[in-house]
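Colleague: Take this structure first; my questions come after.
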């Protein structure tokens, strides 16, 4: 799974899978209807698409994700940062924080701790 290419519907289905997997496809259809308003055919189409992309496995009517939420988030955020900010984490953080009033002390401390844990 070198490059992740997920559309919004892919991600929405994966969110349900990460919470409930492994899950029977019938139960997944029910959850997608309740949470996303999808029809049965929409869910089965999405299951097929994600299976073909290699993100999930549908074996004996049991659906299981083949990637973790953390893997997807890391790859998608990295691709976004590369595409939008030429890979610059400081530019990304400046843009992200630019729309906020202030960081709380707790948020600032958490960010400092995170940065320190990655510092050489």
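Colleague: In the chain, how does Rg compare with the Kirkwood Rh, expressed as the Rg/Rh ratio over alpha carbon atoms?
Modeller: Taking Rg over the Kirkwood Rh, I get 1.09.
Colleague: Could I ask something else about it? Using only Cα atoms, tell me the angle between helix 69-85 and the longest principal axis of the chain; keep it within 0 to 90° and round to the nearest 10.
Modeller: Computed tilt is about 50 degrees.
Colleague: Measuring from label point to label point, each 7 Å out along Cα→Cβ, what is the residue 93 to residue 76 span in nm?
Modeller: Distance between label points: 2.3 nm.
Colleague: Tell me the angle of helix 89-98 to the major Cα principal axis of the chain, expressed in degrees between 0 and 90 and rounded to the nearest ten.
Modeller: 90 degrees
Colleague: Further question: For the chain, modelled as a Gaussian network with Cα springs under 10 Å, which listed residue fluctuates most, 36, 50, 17?
Modeller: With Cα springs under 10 Å in the chain, the top fluctuation among 36, 50, 17 is at 36.
Colleague: Going by alpha carbons, how many degrees (0 to 90, nearest 10) lie between the helix axis of 8-20 and the longest principal axis of the chain?
Modeller: Long axis of 8-20 versus the principal axis of the chain: about 80 degrees.
Taken together, the values in this text are just the output of simple stated rules run on the coordinates, not laboratory data. No experiment lies behind these values; they were computed from the predicted model shown. Reconstructed Cβ throughout: ideal geometry from the backbone, glycine too, with neighbour counts over all protein chains shown.
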